[in-house]
Amino acid sequence: MLDTLCWIFGILGAGFFAINLAPQIWKCYKTKSTKDISKVFLIFAFGGNIFSAIFVFYTNYQTGLWQYPIYFNYGTATVLTAILTIMKIKYDKENKK
């Protein structure tokens, strides 16, 4: 029972962390503006997701414990961070004109 509950919490937590950038992406898309998003934030978010994912994959490989919710989290968060970074580059360039 406790194992099932922990997996449910893990899935929910990974899901929330994975999609936490979705509302920001939607707002940037609607307003066509990313002026209040820090480039340093995007660099740190992208780096944090990549380096943490490497660590998790390696330790899971070593221990044999495969934590699929965490893979979903890092994979989705990395993709959303990349999308937000692309939007930042595009909208900042358009707004400078």
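The values are calculated or read from the model by the stated rules, or taken from the named source; none is laboratory data. Note that the coordinates shown come from a computational prediction; the quantities given were computed from them, not determined experimentally. Cβ coordinates were reconstructed from backbone atoms using ideal geometry, including for glycine residues, and neighbour counts include every protein chain displayed. Quick note on the areas: whole protein, heavy atoms, side chains included, nothing else; ligands and nucleic acids left out. Shrake-Rupley method; radii C 1.70, N 1.55, O 1.52, S 1.80 Å.
Of all the residues in segment 37-62, those that are under 18 Å from G10 (Cα atoms) and open to solvent by 70 Å² or more (accessible area, probe 1.4 Å) number 2. Could you check segment 1-58 and list, in sequence order, the residues that are part of a helix (DSSP H, G or I), in contact (Cβ under 8 Å) with a residue 40 or more places away in the chain and within 16 Å of I86 (Cβ to Cβ)? Selection gives A22, Q24, I25, C28, Y29, K39, L42.
When the residues of segment 78-97 are filtered to those that are of a type in the set (A, V, I, L, M, F, W, C) and open to solvent by less than 40 Å² (accessible area, probe 1.4 Å), which remaining residue is farthest from G47 (Cα to Cα)? The extreme case among them is M87. Apart from one condition, L65 fits all of (1) outside any helix (DSSP H, G or I); (2) open to solvent by 100 Å² or more (accessible area, probe 1.4 Å); (3) under 26 Å from I8 (Cα atoms); the exception is (2).
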